[in-house]
Amino acid sequence: MPIADFALERYFARWEFASRHLLCASDVQGYPMADLLALADDETRALWADLRLGYTESTGHPLLRTEIASLYTSIEPDEVLTFAGAEEAIFCLVNVLVGPGDHVIACTRSPARSGPMSRSTSCVRRPDGRWTSTCCAAR
């Protein structure tokens with residue numbers, strides 16, 4: 001399916017790691033890995049020590065899915081999907097739940113991200129065929 005470029009993502013691709021100061025980041029300043037591992041128990045520390053970097057199953061690492069499923073009484077690990085961020089999860093959810101002719105109200109602080117995704121799924125169209133959305137700004 002053709003997906004339009006996200007103008008905001010293209011901007012960040014160009015400038016996010018090339019600028020000396022970035023005052024618009026939406027993420028936190030991360031902790032050093034050594035600080036996080038100092039909080040781990042022996043079993044967890046051993047898992048990190050033996051970690052191989054690379055792709056895992058597309059549904060997520062089995063240990064992570066097992067831990068998530070253990071938080072619920074009626075979910076098995078094979079019923080859990082994990083994503084590397086919210087945008088991918090939202091995109092998959094929209095493709096499953098929303099179809100042509102459906103109307104979507106998207107509460108977002110970033111119309112630049114929700115607009116191209118909605119257009120690429122053809123889920124929100126006005127009678128004249130043009131794309132439209134109803135957004136409420138998060139403040």
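Would you check which residues across the stretch 37-57 are polar (S, T, N, Q) and modelled with pLDDT of 90 or more and list them? None; the set is empty. Listed by position, the helices (runs of 4 or more DSSP H) enclosed by the stretch 1-105 that each have at least 2 residues that are surrounded by 10 or more Cβ atoms within 10 Å (Cβ to Cβ), of a type in the set (Phe, Trp, Tyr) and over 18 Å from the mean Cα position of the chain (by Cα) are 7-15. If you check 30, 85, 54, 99 for being touching a residue at least 24 places away in the same chain (Cβ under 8 Å), of a type in the set (Gly, Ala, Ser) and out of contact with any Ser or Thr (no Cβ under 7 Å at 6 or more places or on another chain), only one passes: 99.
The values are calculated or read from the model by the stated rules, or taken from the named source; none is laboratory data. Treat the numbers as computed from the prediction; the structure is a model and nothing was measured. So basically every Cβ, Gly included, is an ideal-geometry build from the backbone, and we count neighbours across all protein chains shown.
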